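First comes the structure, then the notes that go with it.
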Amino acid sequence: MELPSVKPVGAPARATLPLMGVRGVTVEYPGVRALDNVTVDFMAGEIHAIVGENGAGKSTLMKVLSGALTPNAGELLRNGELTTLRGPRAAIRAGISMVHQELNLVATLSVAENVLLGREPTFLAGIAVDRSQQRERARALLAMLGAEMDLDRAVSELSIADCQYVEIAKCLASEAQVLILDEPTAVLGEHEASKLLQLLRRLRDEGRAV
Ligand SMILES: Nc1ncnc2c1ncn2[C@@H]1O[C@H](COP(=O)(O)OP(=O)(O)OP(=O)(O)O)[C@@H](O)[C@H]1O
Ligand SMILES: [Mg+2]
């Protein structure tokens with residue numbers, strides 16, 4: 001299967017330095033310690049699965065990694081260097097993209113607008129990269145997931161599974177080196193889930209961390 005023009009990422013597969021990591025991360029919500037001194041590395045060219053029962057802290061860890069949540073203690077590392085991510089925009093600039101368990105789409109915007117949200121047109125040597133090219137990529141990514149839908153349809157009119165596809169396409173379209181997906185197959189059928197996993201393996205082989 002041909003991956004639609006996703007730009008190659010800089011880091012070689014299986015680099016020795018983790019693309020991302022956390023050291024001693026602790027997160028406390030009122031009355032509950034969700035993460036207690038967690039240390040873990042995420043390598044380029046690898047898919048990592050975080051497994052745990054309900055309430056174990058999986059989503060919390062992913063939110064720390066994507067800058068959605070600032071930990072009470074501990075450090076975040078990007079390419080081996082200490083970093084702080086102040087919010088999702090900082091994460092996108094750092095090449096980190098996340099699909100949240102609770103979907104995060106703008107209901108009134110179209111499929112295409114949601115996929116491309118937060119991505120201003122890029123400029124190469126002063127020339128704006130064609131927006132319609134980005135639309136094409138959005139369409140191609142959705143098609144690869146087996147989700148062919150009208151790019152101009154409002155997200156409020158979509159089924160939950162189609163919303164999930166839009167979220168995943170948005171994550172993939174970001175060209176991030178670090179892709180974080182929180183229970184992305186939860187609302188997908190078996191066939192759709194296996195298509196997604198196939199696509200993720202492809203992205204891994206390009207040197208991303210998933
Ligand atoms: N915003 C919040 N405010 C207060 N407590 C929270 C908040 N978010 C999560 N928690 C609590 O923190 C703990 C970890 O939650 P988290 O959502 O990270 O778990 P999870 O492993 O993703 O669970 P699930 O499998 O249900 O998605 C749980 O006890 C949860 O109730
Ligand atoms: Mg969760």
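Here is how the numbers come out for the structure above:
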quantity	calculated
Longest DSSP-loop-exposure-free segment, GluC sites (Glu not before Pro), the chain, at most 14 other Cβ within 10 Å	149-210
Inter-label distance, nm, simple model (7 Å from Cα along the C-beta direction), Asn79/His48	1.8
Angle in degrees between helix 131-144 and the longest Cα principal axis of the chain, rounded to the nearest 10	80
Kirkwood Rh and Cα Rg combined as Rg over Rh, evaluated for the range 20-205	0.97
Karplus 3J(HN,Hα) series, Hz, for the range 154-169 with 6.51 cos²θ - 1.76 cosθ + 1.60 (x for Gly, Pro)	6, 4, 4, 8, 8, 6, 4, 5, 5, 4, 4, 4, 5, 4, 5, 4
For Met20, residues with placed amide H under 5 Å, excluding near neighbours	Phe42, Asn79
Charge dipole magnitude, Cβ of K and R +1, D and E -1 - the range 20-205, Cα centre, debye nearest 20	480
Under 13 Å from the Cα of Lys195 - aspartates and glutamates, other chains or at least 8 residues apart	Glu2
The chain: most fluctuating residue of Thr16, Thr70, Thr60 per GNM, C-alpha cutoff 10 Å	Thr16
Of all accessible heavy-atom area on the chain, the percent that carbon and sulfur account for (1.4 Å)	52
Accessible surface, per residue, of the chain when the full set of protein chains is kept, probe 1.4 Å, Å²	52
Inter-label distance, nm, simple model (7 Å from Cα along the C-beta direction), Ala56/Asp41	2.2
Local net charge near Ala49, Cβ-Cβ under 13 Å (Lys/Arg +1, Asp/Glu -1)	0
FRET efficiency for Gln198 and Asp150, using Cβ-Cβ distance with R0 set to 25 Å, rounded to 0.05	0.55
Helix 190-205 axis, angle to the chain major axis (alpha carbon atoms, nearest 10°)	70
The range 37-92: projected area of the alpha-carbon convex hull, averaged over directions, in nm²	4.4
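The values are calculated or read from the model by the stated rules, or taken from the named source; none is laboratory data. No experiment lies behind these values; they were computed from the predicted model shown. Glycine gets a Cβ as well: all are built from the backbone with ideal geometry, and neighbour counts include every protein chain shown. Keep in mind that these areas ignore ligands, DNA and RNA; they rest on the heavy atoms of the full protein, side chains included. Shrake-Rupley method; radii C 1.70, N 1.55, O 1.52, S 1.80 Å.
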